[in-house]
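Everything below concerns the one structure shown next.
Throughout, read-outs are computed from the coordinates displayed, never taken from laboratory work. Fair warning: this is a prediction, and the values are worked out from it, not measured in the lab. When we count neighbours, we look across all protein chains shown, and the Cβ atoms used for this are built from the backbone with ideal geometry, even at glycine.
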Amino acid sequence: MLFAAHMIQLGFDNPARMFFTGPFLLFGCLLIIVVLAGLWKMFVKAGHPGWACIVPIYNVYIMLKIAGRPGWWLLLFFVPFVNIVINIVVAIDIAKAFGQSAVFGFFLNFLFGGIGYLILGFGNYQYLGPQTLVLPARA
């Protein structure tokens, strides 16, 4: 009796659950692999090693370099709510670095979770370099 109660508590009371969990898990894994392939190609186009896209935290640092932002911005990704704004800025700057618009960067790179990186990686887009606005120093 105790074993049956423990199984129900763990959620094994519905054996049909595995038929629904398996395909969703497989779809999620395939989606991650496809997005990583797009990131890999995008990193290579930008002149960085492709394997960098699978290394946590280092991949964000490389994305900052592709976007033309300073490396210390990596620390801003650890600040709650600020990280959302920084992520939007970096997504837009990466789109601009490949000659795309800010709308492309916001919607496809940020909002739709990396579809834009897939398009930039496998599309006919060339890396133009950072397009961030640099103000001249005042004398």
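In segment 2-122, with Lys and Arg counted as +1 and Asp and Glu as -1 at Cβ, which of these residues, 109, 68, 50, has the Cα nearest the positive end of the dipole, that is, farthest along it? The one lying farthest along the dipole's positive direction is 68. Once the chain from residue 125 to residue 58 is taken as fully extended at 0.36 nm per residue, the excess over their C-alpha distance is 21.7 nm. Distance between the modelled labels on residue 84 and residue 26, one decimal in nanometres: 3.6 nm (7 Å Cα→Cβ projection). Sparsely packed loop sites in segment 30-88 (the chymotrypsin sites (Phe, Trp or Tyr not before Pro) outside DSSP H, G, I, E and B with at most 14 other Cβ atoms within 10 Å) comprise 81. 3J(HN,Hα) along segment 57-73: 6, 5, 5, 5, 4, 5, 5, 5, 5, 5, 6, x, 9, x, x, 5, 4 Hz, from the Karplus curve 6.51 cos²θ - 1.76 cosθ + 1.60 with θ = phi - 60°, whole Hz, x for Gly and Pro. Panel order for 33, 92, by other beta carbons found within 10 Å of each beta carbon, from fewest to most: 33, 92. Dipole check for segment 2-122: with +1 at the C-beta of Lys and Arg, -1 at the C-beta of Asp and Glu, and the Cα centre as origin, the magnitude is about 320 Debye.
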